[in-house]
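Just below is one structure, and these are the notes that go with it.
The values are calculated or read from the model by the stated rules, or taken from the named source; none is laboratory data. Please read all numbers here as calculations on a predicted model, not as lab measurements. As a convention, Cβ positions derive from the backbone with ideal geometry for all residues, glycine included, and neighbour counts pool all protein chains shown.
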(Lines give C-alpha, C1' and ligand atoms only; values in the text may rest on other atoms or scores of the structure.)
Protein backbone atom coordinates (compact mmCIF):
# COMPACT_ATOMS: atom_id res chain seq x y z
CA UNK A 1 0.00 0.00 0.00
CA UNK A 2 1.32 3.43 -0.93
CA UNK A 3 1.58 5.90 1.91
CA UNK A 4 1.24 9.64 2.17
CA UNK A 5 2.84 12.36 4.25
CA UNK A 6 1.30 15.56 5.53
CA UNK A 7 3.36 18.72 5.12
CA UNK A 8 2.32 21.55 7.42
CA UNK A 9 3.85 24.11 5.10
CA UNK A 10 2.81 24.86 1.55
CA UNK A 11 4.89 26.38 -1.24
CA UNK A 12 4.46 27.12 -4.94
CA UNK A 13 6.60 24.04 -5.55
CA UNK A 14 3.74 21.85 -4.28
CA UNK A 15 0.82 23.99 -5.45
CA UNK A 16 1.77 24.44 -9.11
CA UNK A 17 1.61 20.75 -10.14
CA UNK A 18 -1.66 20.30 -8.24
CA UNK A 19 -3.21 23.34 -9.94
CA UNK A 20 -1.99 22.26 -13.39
CA UNK A 21 -3.45 18.75 -12.90
CA UNK A 22 -6.74 19.83 -11.31
CA UNK A 23 -9.75 17.90 -12.68
CA UNK A 24 -12.31 19.69 -14.82
CA UNK A 25 -15.04 19.60 -12.15
CA UNK A 26 -12.75 21.28 -9.61
CA UNK A 27 -11.78 23.95 -12.14
CA UNK A 28 -15.48 24.57 -12.83
CA UNK A 29 -16.17 24.80 -9.11
CA UNK A 30 -13.41 27.38 -8.66
CA UNK A 31 -14.86 29.49 -11.48
CA UNK A 32 -18.42 29.23 -10.12
CA UNK A 33 -17.42 30.14 -6.56
CA UNK A 34 -14.85 32.82 -7.34
CA UNK A 35 -16.28 34.39 -10.47
CA UNK A 36 -12.80 34.23 -12.01
CA UNK A 37 -11.54 32.30 -15.04
CA UNK A 38 -9.32 29.39 -14.01
CA UNK A 39 -5.61 29.89 -14.58
CA UNK A 40 -3.43 27.29 -12.80
CA UNK A 41 -0.51 29.61 -12.11
CA UNK A 42 -2.73 32.40 -10.81
CA UNK A 43 -4.65 29.85 -8.75
CA UNK A 44 -1.43 28.56 -7.14
CA UNK A 45 -0.36 32.09 -6.21
CA UNK A 46 -3.79 33.06 -4.88
CA UNK A 47 -4.11 29.94 -2.72
CA UNK A 48 -0.63 30.46 -1.31
CA UNK A 49 -1.52 34.03 -0.27
CA UNK A 50 -4.87 33.20 1.36
CA UNK A 51 -4.56 33.75 5.12
CA UNK A 52 -5.06 30.81 7.45
CA UNK A 53 -3.58 27.37 8.07
CA UNK A 54 -2.53 25.42 4.98
CA UNK A 55 -1.27 21.90 4.38
CA UNK A 56 -0.14 19.59 1.60
CA UNK A 57 -0.44 15.84 1.11
CA UNK A 58 2.41 14.16 -0.76
CA UNK A 59 2.96 10.59 -1.93
CA UNK A 60 5.68 9.35 0.41
CA UNK A 61 7.41 7.12 -2.13
CA UNK A 62 7.67 9.77 -4.84
CA UNK A 63 7.56 13.06 -2.92
CA UNK A 64 4.74 13.92 -5.32
CA UNK A 65 2.19 16.56 -4.25
CA UNK A 66 -1.32 15.11 -4.37
CA UNK A 67 -3.53 17.66 -2.63
CA UNK A 68 -3.37 20.97 -0.84
CA UNK A 69 -5.90 22.51 1.46
CA UNK A 70 -6.52 24.96 4.18
CA UNK A 71 -9.00 27.06 6.08
CA UNK A 72 -9.87 30.74 5.99
CA UNK A 73 -11.44 32.38 8.98
CA UNK A 74 -14.87 33.82 8.19
CA UNK A 75 -15.32 35.21 11.71
CA UNK A 76 -14.14 34.07 15.16
CA UNK A 77 -14.67 30.32 15.50
CA UNK A 78 -15.98 29.88 11.94
CA UNK A 79 -13.61 28.59 9.27
CA UNK A 80 -14.23 27.76 5.59
CA UNK A 81 -12.26 24.99 3.96
CA UNK A 82 -10.60 24.84 0.58
CA UNK A 83 -8.94 21.86 -1.04
CA UNK A 84 -7.36 21.14 -4.40
CA UNK A 85 -6.72 17.51 -5.35
CA UNK A 86 -5.13 15.76 -8.29
CA UNK A 87 -6.93 12.68 -9.69
CA UNK A 88 -4.34 10.30 -8.16
CA UNK A 89 -5.39 11.57 -4.75
CA UNK A 90 -8.67 9.68 -5.09
CA UNK A 91 -7.63 6.74 -7.28
CA UNK A 92 -4.58 5.70 -5.25
CA UNK A 93 -4.77 7.35 -1.82
CA UNK A 94 -8.43 7.95 -0.92
CA UNK A 95 -8.38 6.29 2.50
CA UNK A 96 -5.20 8.03 3.62
CA UNK A 97 -6.40 11.40 2.33
CA UNK A 98 -9.70 10.96 4.15
CA UNK A 99 -7.85 10.15 7.38
CA UNK A 100 -5.66 13.25 6.99
CA UNK A 101 -8.70 15.47 6.34
CA UNK A 102 -10.46 14.15 9.45
CA UNK A 103 -7.30 14.76 11.49
CA UNK A 104 -6.98 18.30 10.16
CA UNK A 105 -10.61 19.01 11.11
CA UNK A 106 -9.94 17.79 14.66
CA UNK A 107 -6.87 20.05 14.77
CA UNK A 108 -9.01 23.00 13.67
CA UNK A 109 -11.48 22.37 16.49
CA UNK A 110 -8.73 21.94 19.09
CA UNK A 111 -5.85 24.22 18.07
CA UNK A 112 -7.79 26.98 16.31
CA UNK A 113 -10.81 26.92 18.66
CA UNK A 114 -13.20 26.43 15.75
CA UNK A 115 -16.82 25.72 16.57
CA UNK A 116 -17.89 25.57 12.90
CA UNK A 117 -16.11 24.26 9.80
CA UNK A 118 -17.83 25.01 6.47
CA UNK A 119 -17.41 23.72 2.95
CA UNK A 120 -19.04 24.93 -0.26
CA UNK A 121 -19.34 22.91 -3.46
CA UNK A 122 -21.32 22.83 -6.66
CA UNK A 123 -24.58 21.06 -5.86
CA UNK A 124 -24.21 18.71 -8.83
CA UNK A 125 -20.91 17.25 -7.55
CA UNK A 126 -22.59 14.17 -6.09
CA UNK A 127 -19.38 12.20 -5.53
CA UNK A 128 -17.79 15.02 -3.51
CA UNK A 129 -21.00 15.50 -1.56
CA UNK A 130 -21.15 11.78 -0.65
CA UNK A 131 -17.55 11.98 0.59
CA UNK A 132 -18.34 15.01 2.76
CA UNK A 133 -21.29 13.24 4.36
CA UNK A 134 -20.11 9.62 4.64
CA UNK A 135 -16.43 10.06 5.33
CA UNK A 136 -15.98 13.51 6.87
CA UNK A 137 -19.19 13.74 8.87
CA UNK A 138 -20.28 17.03 7.33
CA UNK A 139 -23.98 17.83 7.13
CA UNK A 140 -25.66 19.50 4.19
CA UNK A 141 -27.32 22.65 5.48
CA UNK A 142 -28.94 23.60 2.22
CA UNK A 143 -28.58 24.77 -1.33
CA UNK A 144 -27.92 28.35 -2.38
CA UNK A 145 -29.88 28.37 -5.64
CA UNK A 146 -28.30 30.30 -8.48
CA UNK A 147 -25.39 31.49 -6.31
CA UNK A 148 -22.57 30.55 -8.70
CA UNK A 149 -21.05 32.78 -11.38
CA UNK A 150 -23.12 31.02 -14.05
CA UNK A 151 -26.17 30.71 -11.75
CA UNK A 152 -25.07 27.26 -10.55
CA UNK A 153 -26.53 25.90 -7.32
CA UNK A 154 -24.05 25.78 -4.43
CA UNK A 155 -24.35 23.24 -1.58
CA UNK A 156 -23.39 24.35 1.93
CA UNK A 157 -21.86 21.77 4.29
CA UNK A 158 -20.75 22.16 7.89
CA UNK A 159 -19.46 20.32 10.92
CA UNK A 160 -20.03 21.99 14.27
CA UNK A 161 -18.93 21.66 17.87
CA UNK A 162 -21.12 23.99 19.88
Checklist entry - Of the residues that make up segment 38-54, is at least one assigned to a loop (DSSP other than H, G, I, E, B) and closer than 23 Å to residue 151 by Cα? => result yes
Checklist entry - Which ones in segment 43-76 are crowded, with 20+ Cβ neighbours inside 10 Å and either without any contact (Cβ under 8 Å) to a residue 24 or more places away in the chain or over 13 Å from residue 19 (Cα atoms) (or both)? => result 54, 55, 57, 70, 71
Next on the checklist: Could you check segment 3-17 and list, in sequence order, the residues that are surrounded by 15 or more Cβ atoms within 10 Å (Cβ to Cβ) and either free of Cβ contacts under 8 Å to residues at least 40 places away in the same chain or at positive phi (or both)?
Outcome noted: 16
Next on the checklist: Going by what's in this entry, would residue 95 be described as more than 27 Å from residue 162 (Cβ to Cβ), free of Cβ contacts under 8 Å to residues at least 60 places away in the same chain, exposed (fewer than 14 other Cβ atoms within 10 Å of the Cβ) and out of contact with any helix residue (DSSP H, G or I) (no Cβ under 7 Å at 6 or more places or on another chain)?
Outcome noted: yes
Checklist entry - Is it the case that some residue within segment 33-42 is buried (at least 20 other Cβ atoms within 10 Å of the Cβ) and either modelled with pLDDT under 95 or touching a strand residue (DSSP E or B) at 6+ places or on another chain (Cβ under 8 Å) (or both)? => result no
Checklist entry - Counting only residues that are over 17 Å from the mean Cα position of the chain (by Cα) and in a helix (DSSP H, G or I), how many does segment 1-22 have? => result 1
